[in-house]
Amino acid sequence: MKQLLLFILLFTTCSISAQTIDPWRISTDKIDPSNYYGITVANGMIGVVSSPEPFKVKDVVLAGAYDLYGRGRVSNFLRSFNLLNSYLEIDGKRIDAKSAANMKQELDMQHASFTTTFDYADKATVTYTYYSLRHLPFTVLMDISITAKANINITGASVMEAPDALKDVQNYYNEIDRPHVTMSLLTSSAKSPTGKLLMCASNTFLFSEHHGSEPRVIHEMWDNNMHLLKFSKQLKAGETYRYSIAGSSITSAHHDDPLNEAERLTIYAKLEGRERLLQFHNKAWDELWSSRIIIEGDPATAGQDQQDINSMLYHLYSFTREGTALSPSPMGLSGLGYNGHVFWDTELWMYPALLVLKPELAKSMVEYRYQRLEAAKRNAFSKGFKGAMFPWESAETGVEETPVWALSGPFEHHITACVAIAAWNYYCVTQDKVWLKEKGYPILSATADFWASRVERNGAGKYDIKNVVAADEWAENVDNNAFTNAAAKTNLQFATEAAKLLGIAPNADWMNVANNIPVLKFPDAVTKEHASYNGEGIKQADVNLLAYPLKEVKDVATIRKDLEYYEQRVPNEGTPAMTQAVFTTLYARLGDATKAYHWFKDAFIPNLNPPFRVIAETKGGTNPYFATGAGGILQSVLMGFGGLEITPTGITQIKTVLPANWKSVTITGVGVQKKTFVNRK
């Protein structure tokens with residue numbers, strides 16, 4: 001009887017604990033500045049990274065803004081003006097981390113907001129929330145609310161500070177008086193390190209009409225790099241006072257007149273007002289979340305899985321934007337990681353999940369490549385090849401941006417096939433023949449021409465691709481890499497299919513080349529990673545990508561044999577999260593739920609950093625947020641556990657298995673027709 005009661009107590013405790021996992025909110029009251037990895041609020045253009053310090057944000061990153069400075073003699077992301085840093089004084093004392101008690105921070109993924117709440121002595125409870133407004137690409141908003149516990153005097157300030165790398169900083173203060181509104185604009189501009197870009201930001205206070213007349217705003221210049229706006233107000237015990245800061249950040253990479261446009265955008269936000277800004281922001285996020293993944297299962301474990309999956313999708317949605325022709329780097333807008341460059345991480349790892357859930361976001365990513373097709377053709381020409389050769393690292397112009405010391409720049413050629421496959425898959429999902437003719441086919445044909453010139457024709461079945469860096473990047477300057485060869489074959493096949501679909505006679509040499517590119521085998525029929533491979537440890541998935549997503553290896557016995565061989569060659573440390581995600585997808589498709597779920601958890605649980613479960617690139621790594629890994633893991637849910645399949649006639653569903661603790665996976669808003677797919681036990 002005691003054992004039964006103990007079981008009931010444990011079951012009840014687990015159930016209650018599980019119920020506390022909110023699928024949409026990640027909260028913490030354990031804020032340790034020495035072990036704190038910020039989480040990002042972004043709208044596909046501006047990324048704002050959280051800080052453990054009250055009224056501070058760690059970074060503001062603006063997509064598409066690059067310049068040459070310091071890091072590897074290549075273009076890099078720039079820190080933008082920190083237009084949300086502010087401070088609050090109560091009775092003349094400025095609040096800092098030491099004086100902020102009972103601090104709690106929370107990310108609301110459903111509507112992309114970040115909230116901090118704390119108590120200040122026995123005088124006030126303070127809450128502030130910031131947003132990177134989804135409907136206004138260059139505009140952010142911060143809401144501040146102070147509830148007085150005693151009669152107090154507050155001073156609120158908005159501080160505009162230029163990052164160290166910027167130069168020729170100019171600070172402006174403008175007061176605009178109109179019949180029904182007065183605006184105080186805090187504005188700054190600066191040149192990027194080489195002077196290539198003009199970077200501008202502006203913000204203003206929004207005061208609530210419920211509090212009567214607006215307080216007097218004072219402008220203070222501190223030094224060349226920093227100035228501020230501030231106001232003071234007396235509050236009575238029990239009174240709650242709210243104000244907001246709206247600001248905009250834009251550069252000459254985005255607009256021909258960024259200084260004036262920054263102020264125009266800020267004025268626009270001011271006159272829209274807080275309520276309308278939040279109304280349209282929330283509506284935009286509601287539309288994004290019409291395409292999502294819903295897990296039903298054991299509350300004790302599936303509840304955490306649901307929150308983690310929401311977090312991964314939240315980040316991919318946050319790092320991309322419709323109609324931009326921009327493409328995310330491995331770290332998205334979470335900081336300056338990987339210099340903000342675009343790699344295969346986009347096409348192979350992040351893109352597929354977005355393509356099936358939000359084709360309009362994926363379109364921006366493939367448009368990014370189309371607009372740099374001419375640069376890719378020049379890159380091929382410089383290496384002695386025909387067609388288009390996309391750079392391993394790409395930034396604004398589409399030229400090779402890999403630092404010279406990294407051999408992946410001149411040798412990691414599989415990126416070209418990844419771009420082409422992404423273009424074909426966009427057609428497959430959308431069935432947009434006009435797009436295929438105008439943009440997809442130019443990419444597919446030019447990349448096919450590259451591979452036809454890249455192979456070395458050494459006889460039937462021996463059109464070798466020599467001297468490459470493999471998808472497994474520990475294998476440098478090897479011959480006949482499995483993924484490179486299979487991806488090249490796939491590129492050539494898709495270019496041929498696209499030509500036929502459009503009524504164009506395909507180059508007959510494309511299929512001739514595709515049919516003669518070798519995929520090497522060991523004597524026991526395990527696929528060999530490259531010509532000189534002899535069982536070494538691998539950095540990341542390579543051979544296993546031939547089964548998914550390439551479908552070059554279709555035989556179930558071979559897929560399983562390759563899996564069992566290469567999963568033993570992934571070390572416990574130093575490998576990126578998406579490797580295990582490929583194992584997850586394949587085991588789910590093979591019907592092995594236990595192994596699939598093992599690799600699903602192994603893909604990201606060891607990579608999480610406190611306090612918001614942000615994913616780092618590797619186990620124990622500290623460089624979040626790793627959007628590449630999130631993209632791979634989401635594929636393992638969508639295409640693995642969910643069974644989605646991209647085919648030339650659209651998205652279909654194949655039979656796969658679910659983890660033991662999941663009852664069903666429901667995927668809503670899929671493709672252009674916004675279909676719902678369900679996989680249940």
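The table below lists the values:
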read-out: Packing-based order for 278-285, 408-415, using average beta carbon neighbours within 10 Å, highest first; value: 408-415, 278-285
read-out: Under Karplus coefficients 6.51, -1.76 and 1.60, residue-wise ³J(HN,Hα) of the stretch 104-109 in Hz, glycine/proline x; value: 9, 10, 8, 9, 9, 6
read-out: In order through the stretch 468-475: 3J(HN,Hα) via Karplus (6.51 cos²θ - 1.76 cosθ + 1.60), integer Hz, x for Gly, Pro; value: 10, 8, 6, 4, 6, 6, 6, 9
read-out: Long-range amide H partners of VAL614 with built H, under 5 Å; value: ASN609
read-out: Estimated D of the chain in µm² per second, where Rh is the Kirkwood radius over Cα pairs and Stokes-Einstein applies at 10 °C, 1.306 mPa s; value: 60 µm²/s
read-out: Alpha-carbon gyration tensor eigenvalues x 5, square-rooted, for the stretch 27-288, Å; value: 28, 21, 19
read-out: With Cα atoms, 0 to 90° folded angle of helix 593-604 axis to the chain main axis; value: 50 degrees
read-out: Most to least packed among 475-481, 350-356 [average Cβ atoms within 10 Å]; value: 350-356, 475-481
read-out: Crossing angle, helix 373-382 versus the chain [Cα axis fit, 0-90 degrees, rounded to tens]; value: 50 degrees
read-out: Global form of the stretch 522-650, assessed from the alpha-carbon gyration tensor, a/c cut-off 1.5; value: oblate
read-out: Relative contact order of the chain, defined on C-alpha pairs under 8 angstrom at six or more residues apart (%); value: 12 percent
read-out: Cβ-placed point charges (K, R +1; D, E -1), dipole of the stretch 457-602 about Cα centre in debye, nearest 20; value: 440 debye
read-out: The stretch 27-288: relative contact order as a whole-number percent, Cα under 8 Å and 6+ apart; value: 19 percent
read-out: nm² value of the averaged projected area, convex hull over the Cα atoms of the stretch 438-581; value: 9.4 nm²
read-out: Cα-based shape type of the stretch 158-303, given that a ≥ b ≥ c are square roots of the gyration tensor eigenvalues and the cut on a/c is 1.5; value: oblate
read-out: Within-14-Å neighbourhood charge of SER248 [Cβ basis; K, R +1; D, E -1]; value: -2
read-out: Shape of the stretch 233-361, Cα gyration tensor, a/c cut at 1.5; value: oblate
read-out: The chain: angle of helix 578-590 to the longest principal axis, Cα-based, in degrees nearest 10; value: 60 degrees
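A short reminder: the numbers here are calculations on the coordinates, not readings from a lab. All values reported here derive from a predicted model rather than from experimental measurement. All Cβ positions, glycine included, derive from the backbone under ideal geometry; neighbour counts span all protein chains shown.
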